[in-house]
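Asks: The structure's right below; bear with me while I get my questions together.
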Amino acid sequence: MEGVSSSPSPPPMSLLAELTHRCPLQCPYCSNPLALEPKTGELSTEDWFRVLDEAAALGVLQVHFSGGEPMARKDLPDLVRRAVRNGLYTNLITSGVLMDAASLERLSAAGLDHVQLSFQDVDEDGAALIGGMKGAQAKKIEAARLVVADGMPLTLNFVVHRLNVERIPRMFDLAEALGARRVEIAHTQYYGWGLKNRAALLPTRAQLEQSERDVAVARERFGTRMAIDFVTPDYYADEPKPCMGGWGQRFVNITPVGRVLPCHAAETISGVVFPSVREAALGTIWNDSEIFRMFRGTDWMPEPCRSCDRKEIDWGGCRCQALALTGRAEAADPVCRRTAGRAVVDAALRESDKTFAYRSYGCERLSSADTSDGST
Amino acid sequence: MMADVTEARVPAFARGTRLQRDQVRDQWVIQAPERAFLADPVAAEVLQRVDGETSLGVMIDGLATAFEAPREVIARDVLAMVGDLADRQVLVWKA
């Protein structure tokens, strides 16, 4: 790549540790790549210990243990303990379906700070349609009960899309009933699996607007009792999101096999080597590797970003979305109304408004598309 | 809520939140679920005295002595800050 940035890099704040791609659920918008890693390639406990030590020394403040389902790793309590020993704030991002009283007790004893528990819907049928696992909803509700009984703060995460977005008010009811301290209502992001299933998942504009009203009502209702994060679908925005707070500026992601990425979708970019913690120190990778330097700062930007007054607000938007929708990772994010690429986003929105025809098609796609590699 | 904040009360960090020294950036941060807030030097001085046993009145006495500042000014600032952090679920009341 030409024109890699020479901007100095602040240390990362946050590490997303994707411990495994194994997961009992099969959600068709999963943020994992389409090519899932088998268990045999996963980093060892000792590898992760070294990564956690290096991350803390580099300046990471919070580590998010994720997956796949991170509780599929038997050494998770040991990893939490190691992170805690390093002063890292530990967050478990889990589906909850593998949690029981004994496993939560081991994590609590290890010093786990917080649990983010995913829900696919408010009731069993909706949850099973997305997650593809019978009985998952009851396990999740039991997991929430265990976390709250332990006294650990709990966030409920709901990914919303065309098939469940109208149940946002009931999602808040469920969160309140379970004693969650935070709720995330996150519209699906369209990369990888989400992009593959976009025609079935993208909400209509009317649904989006209703979801914004529903969240506003909940903010009014709960005040400071419940923290609410709302992630909108950027296809309906006029300007792109500041993806990851800027490429290689705050956030680092490590895959189950140890590849170090600026975001969880970055492996879609071709023609660049993805450095591994098996071969280099995390700090060296963060500061000096091509993948972290190629879109860091503003030097890499083409027009219209280069002369844009928002270039240090949205940092050019999302590189992986630019790649997925325009074929070029270095292009402006096509969500931006100031780019010629916007036409491709508008075309997708026109498809989403064909709600009447697409709903049944959508359900068909969901039930057939989610099983291929999702669970192995 | 603010009206309840009196010097007799005893704040503590809520489970899952804490004050922490960020050695790499040479600053204090409040670690909380899914986010870390920068604690400015004044907030850091106050929050270092939050131990779940010390009342606000005792904390204010200590700060007034340490900074040789008028007690009523310190008291007003501390009660407002602690009340705000309790509203945001960073702090809870032990008493």
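The values are calculated or read from the model by the stated rules, or taken from the named source; none is laboratory data. Since we're looking at a predicted model, the values are computed, not measured. Reconstructed Cβ throughout: ideal geometry from the backbone, glycine too, with neighbour counts over all protein chains shown. Just the protein is used for accessible areas: all its heavy atoms, side chains included, with ligands, DNA and RNA removed. Shrake-Rupley method; radii C 1.70, N 1.55, O 1.52, S 1.80 Å.
Asks: Among the listed pairs A:Lys39/A:Lys139; A:Lys74/A:Lys140; A:Lys39/A:Lys134; A:Lys140/A:Lys311; A:Lys74/A:Lys139, which are separated by more than 30 Å between their Cα atoms? Don't skip to the answer; put the middle values down first.
Replies: Values: A:Lys39/A:Lys139 24 Å; A:Lys74/A:Lys140 19 Å; A:Lys39/A:Lys134 24 Å; A:Lys140/A:Lys311 41 Å; A:Lys74/A:Lys139 19 Å.
Beyond 30 Å between Cα atoms: A:Lys140/A:Lys311.
Asks: Work out, step by step, the length gained on full extension between A:Ala348 and A:Ser103: first 0.36 nm times the residue separation, then minus their alpha carbon distance; give nm to one decimal.
Replies: Values: separation 245, 0.36 × 245 = 88.20 nm, distance 4.33 nm.
Working it through step by step, the gained length comes to 83.9 nm.
Asks: What size of dipole, in debye to the nearest 20, comes out for segment B:11-89 about its Cα centre when the only charges are +1 on Lys and Arg C-beta atoms and -1 on Asp and Glu C-beta atoms?
Replies: Values: 9 positive and 13 negative charges, 52 e Å.
Result for segment B:11-89 is approximately 260 debye, rounded to the nearest 20.
Asks: Dividing the alpha-carbon radius of gyration of the protein assembly as shown by 2.2 N^0.38 Å (N being the number of residues), what value is obtained? Could the numbers behind the result be given before it?
Replies: Working: Rg = 23.0 Å, N = 471, 2.2 N^0.38 = 22.8 Å.
Output field value: 1.01.
Asks: Ok, one more. Partner chain Cβ atoms within 10 Å, averaged over the residues of B:12-24 - can you pull that number for me?
Replies: Taking the mean over all residues of the peptide, I get 4.
Asks: May I ask which residue of A:Ala237, A:Thr298, A:Gln249 lies farthest towards the positive end of the charge dipole of segment A:221-319, with charges of +1 (Lys, Arg) and -1 (Asp, Glu) on Cβ and the Cα centre as origin?
Replies: A:Gln249
Asks: Hey, with R₀ at 35 Å, roughly what FRET efficiency would A:Arg250 and A:Arg145 work out to, going by the Cβ-Cβ distance, to 0.05? Can you show the working numbers first?
Replies: Working: r = 34 Å, r/R0 = 0.96.
The formula returns an efficiency of 0.55 here.
Asks: Take every DSSP beta bridge with both residues inside the protein assembly as shown and express the antiparallel ones as a percent of the total, to the nearest 5. The partial results should precede the final answer.
Replies: Values: 16 of 49 bridges.
The answer is about 35 percent antiparallel.
Asks: On to the next question. Of all the accessible heavy-atom surface of chain A, with the other protein chains kept in place and a 1.4 Å probe, what percent is carbon and sulfur?
Replies: 53 percent
Asks: Now a separate question. Normalised by the residues of segment A:69-214, what does the relative contact order come to in percent, with Cα pairs under 8 Å and at least six apart?
Replies: Relative contact order of segment A:69-214: 20 percent.
Asks: If you don't mind, another one. In debye to the nearest 20, how big a dipole does chain A give about its Cα centre with +1 on each Lys and Arg Cβ and -1 on each Asp and Glu Cβ?
Replies: On the way: 43 positive and 49 negative charges, 51 e Å.
Dipole of chain A, to the nearest 20 debye: 240 debye.
Asks: Return the calculated 222 nm mean residue ellipticity for chain A, to the nearest 500 deg cm²/dmol, obtained by summing -39500 (n - 2.57) across DSSP H runs with n ≥ 4 and dividing by the residue count. Mind dumping the intermediate values first?
Replies: Working: 15 runs with 144 residues, N = 376.
Helix-only estimate at 222 nm: -11000 deg cm²/dmol.
Asks: In chain A, with Lys and Arg counted as +1 and Asp and Glu as -1 at Cβ, which of these residues, A:Ala199, A:Ala57, A:Tyr89, has the Cα nearest the positive end of the dipole, that is, farthest along it?
Replies: After comparing all options, I get A:Ala199.
Asks: Also, I was wondering about something else. If you roll a 1.4 Å probe over the heavy atoms of the protein chains, what accessible area per residue do you get for segment A:64-156, in Å²? Write out the running numbers ahead of the final one.
Replies: Working: 3100 Å² over 93 residues.
Here the residues of segment A:64-156 average 33 Å² of exposed surface.
Asks: Sticking with this one: About the Cα centre of segment A:14-236, how large is the charge dipole given +1 on each Lys and Arg Cβ and -1 on each Asp and Glu Cβ? Please answer in debye to the nearest 20.
Replies: Details: 25 positive and 29 negative charges, 25 e Å.
Roughly 120 debye for segment A:14-236.
Asks: Another question, if that's okay. Using only the Cα atoms of segment A:179-286, what do you get for the radius of gyration and for Dmax, in Å?
Replies: When restricted to the Cα atoms of segment A:179-286, Rg and Dmax are 17.8, 51 Å.
Asks: Can you list the DSSP H helices in chain A whose Cα atoms extend at least 30 Å along the helix axis and whose mean Kyte-Doolittle hydropathy is -0.5 or higher?
Replies: Helices meeting the span and hydropathy rule in chain A: none at all.
Asks: Can you quote the Å³ per residue value for the convex hull of the Cα atoms in segment A:72-118, rounded to an integer? Please report the intermediate quantities before stating the final value.
Replies: Details: hull volume 2.9 nm³, N = 47.
Cα-based convex hull of segment A:72-118, divided per residue, equals 63 Å³.
Asks: Next up: May I ask you to evaluate 6.51 cos²θ - 1.76 cosθ + 1.60, the Karplus curve with θ = phi - 60°, for each residue of segment A:262-279 and list the ³J(HN,Hα) values in order in whole Hz, giving x for glycine and proline?
Replies: x, 7, 6, 9, 5, 5, 6, 6, 9, x, 9, 7, 8, x, 10, 5, 6, 10
Asks: Across the residues of A:116-124, average count of Cβ atoms on other protein chains within 10 Å?
Replies: Details: counts 2, 0, 0, 0, 0, 0, 0, 0, 0.
If you average over the peptide's residues, the count of other-chain Cβ atoms is 0.
Asks: Summed for both chains, how many Å² of accessible area, to the nearest 100, are buried between B and A with a 1.4 Å probe?
Replies: Approximately 1800 Å², summed over both chains.
Asks: Provide a list, ordered by number, of residues in segment A:186-225 showing at least 30 Å² less accessible area with every protein chain present than when their chain is taken on its own, using a 1.4 Å probe.
Replies: Residues meeting the cut-off: A:Thr224.
Asks: Please compute the per residue accessible area over segment A:225-356 with all protein chains in place, 1.4 Å probe, rounded to a whole number of Å². Intermediate results must be reported in sequence, preceding the final value.
Replies: On the way: 5480 Å² over 132 residues.
Computed with neighbouring chains in place, this is 42 Å² per residue.
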